[in-house]
Amino acid sequence: MTTPLRPSMDQTGLNLIRIVIGSYFLALSLDLVSGLDAATLFAALLPHATADLVGSTLLFCLSAALMAGLQLRLCALSLALLVFCSSLVQNLIIVTPDSLSAFWRDLTLATAVLLTYLTLGPGALRRASVLAHRARLRRAMAQRAINPRRITPQTVQKRPVQQEIRSALAASTLSRRPASHEDDAENIFANI
């Protein structure tokens, strides 16, 4: 008998999806791919070189923590807010069709980051950490109290084997009938 397929995904699959999303933001922070500029959020407060360093460092740390699953809810929410606010400042001050599509892409990635932890229950959220997961012993609660009892084997009075054989032979001699000499064929089973 086969078990029906569950509509949920395994924890390993969710970890892989989270690692792929985190690796994209990690590549953004190292300027390996083009996309979001994390420096625009801090450009109004700091010089451009410092704002770029702070934005890239913050994006790198948050995406590395997301990939590792450390404080998953806090890191995912912080990363989503950083991406959303940076994209809002970068793309929607002067609205063009290209900036609107870039904002839409960044908004989609921010919601994907939020979905990495929203589908997890409390137990799965503890197991989501790639680096710090430890197996924990769970205690099973009994429905009712269990009272142990000692099992003692019951002694059965058996007759000796010889006595059983003698009683079987006596019963067979009583039920044996004499062979009739009228039959032409000799019955070899008559004495049984």
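The values are calculated or read from the model by the stated rules, or taken from the named source; none is laboratory data. Quantities reported herein were computed from a predicted structural model and do not represent experimental measurements. Note: ideal-geometry Cβ built from the backbone for every residue, glycine included; neighbour counts use all protein chains shown. Protein only, heavy atoms only, side chains kept; ligands, DNA and RNA dropped before computing areas. Shrake-Rupley method; radii C 1.70, N 1.55, O 1.52, S 1.80 Å.
Numbers below:
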read-out: Residues LEU16 and LEU100, FRET efficiency given R0 of 30 Å [Cβ-Cβ distance, rounded to 0.05]; value: 0.45
read-out: Cα pair count fraction exceeding 10 Å, expressed as % - the stretch 32-71; value: 69 percent
read-out: Average projected area [Cα convex hull, the stretch 73-122], square nanometres; value: 3.2 nm²
read-out: Normalised alpha carbon radius of gyration of the stretch 38-115 [divisor 2.2 N^0.38 Å]; value: 1.12
read-out: PHE84, PHE25, reordered so the largest accessible area comes first (probe 1.4 Å); value: PHE84, PHE25
read-out: Cα-projected label distance for ASN187 with SER34, points at 7 Å along beta-carbon direction, nm; value: 11.0 nm
read-out: Table column - 3J(HN,Hα) (Hz), the stretch 53-68, Karplus curve with 6.51, -1.76, 1.60, x for Gly and Pro; value: 5, 5, x, 5, 5, 5, 5, 5, 5, 5, 6, 5, 5, 5, 5, 7
read-out: ARG150 paired with LEU74, simple spin-label distance in nm, labels 7 Å along Cα-to-beta-carbon; value: 5.7 nm
